[in-house]
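Read the figures in this text as sums done on the coordinates, not as results from a lab. Fair warning: this is a prediction, and the values are worked out from it, not measured in the lab. We place every Cβ from the backbone using ideal geometry, glycine too, and count neighbours over all the protein chains shown.
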Amino acid sequence: MNGKEQMTEEQKNRSEIDKRDYESFLKGDLSGFERLVLRYKNSLIYFIHRYIKDITMAEDLAQDAFVEVYVHKERYRLDVSFKTYLYTIGRNKAVDYIRKNSRLIFVDEYPEEVDEQELENKVIHEEEKKKLHQALKGLKKEYQAAITLIDLEEMTYAQAAKILNKTEVQMKVLIHRARKSLAKKLS
């Protein structure tokens with residue numbers, strides 16, 4: 001088995017910390033919820049941003065996802081990874097937004113950092129990044145989501161499968177096809 005099929009020790013430890021924080025939140029300790037928000041806020045925004053191009057809307061939808069967790073705290077089952085649960089809510093928020101706005105747009109540019117000392121390396125890196133994101137943008141939406149979850153977010157097949165409403169076998173086939181398609185676009 002490869003590393004994507006089983007949770008790594010780091011993922012298991014993070015999952016246990018998430019469960020402890022959520023349990024304290026359930027007992028009325030808001031600091032547990034705050035820790036979860038701080039831990040996942042940025043990556044959730046980035047994940048949603050992959051579905052919709054508008055960063056402000058991605059931030060709003062991520063906030064809506066956290067509000068849903070907060071308001072309906074009894075829905076989360078501790079036997080499921082909190083990150084998987086949260087990303088599923090985030091994906092659903094993004095899909096609902098897309099349906100309402102009748103379009104699905106993926107990111108093709110990101111805010112840039114300015115580092116004058118390594119400008120040449122930065123330009124080369126940005127060109128490679130643009131090429132990758134252009135190629136990713138040219139893939140089927142399902143392939144984009146699979147690559148984002150498995151390769152960029154480093155989720156397990158099981159976690160990604162839950163988010164995308166697939167079986168693990170379907171997820172493995174999907175990521176294989178997505179990577180093959182991405183490699184073809186990059187060549």
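Details
- Looking only at region 12-32, and only at residues there that are hydrophobic (A, V, I, L, M, F, W, C) and without any contact (Cβ under 8 Å) to a residue 40 or more places away in the chain, the one that is nearest to Phe66 (Cα to Cα): Leu30
- Cβ-Cβ contacts under 8 Å between residues 6 or more apart (or on different chains), taken from a first residue in region 80-91 that is closer than 16 Å to Gln63 by Cα to a second residue that is assigned to a helix (DSSP H, G or I) and of a type in the set (Ser, Thr, Tyr), are listed as Phe82/Ser15; Phe82/Tyr22; Phe82/Tyr40; Lys83/Ser15; Lys83/Tyr40; Leu86/Tyr40.
- When the residues of region 140-153 are filtered to those that are acidic (Asp, Glu) and free of Cβ contacts under 8 Å to residues at least 60 places away in the same chain, the one that is surrounded by the fewest Cβ atoms within 10 Å (Cβ to Cβ) is Glu142.
- The C-beta contact set for region 175-187 (first residue in contact (Cβ under 8 Å) with a residue 40 or more places away in the chain, second residue surrounded by 17 or more Cβ atoms within 10 Å (Cβ to Cβ) and of a type in the set (Phe, Trp, Tyr), distance under 6 angstrom, 6+ apart or interchain) comprises Ser181/Tyr143.
- Residues that are buried (at least 20 other Cβ atoms within 10 Å of the Cβ) and in contact with a Phe, Trp or Tyr (Cβ under 7 Å, 6 or more places away or on another chain) were ranked within region 158-173; the one that is nearest to Thr88 (Cα to Cα) is Ile163.
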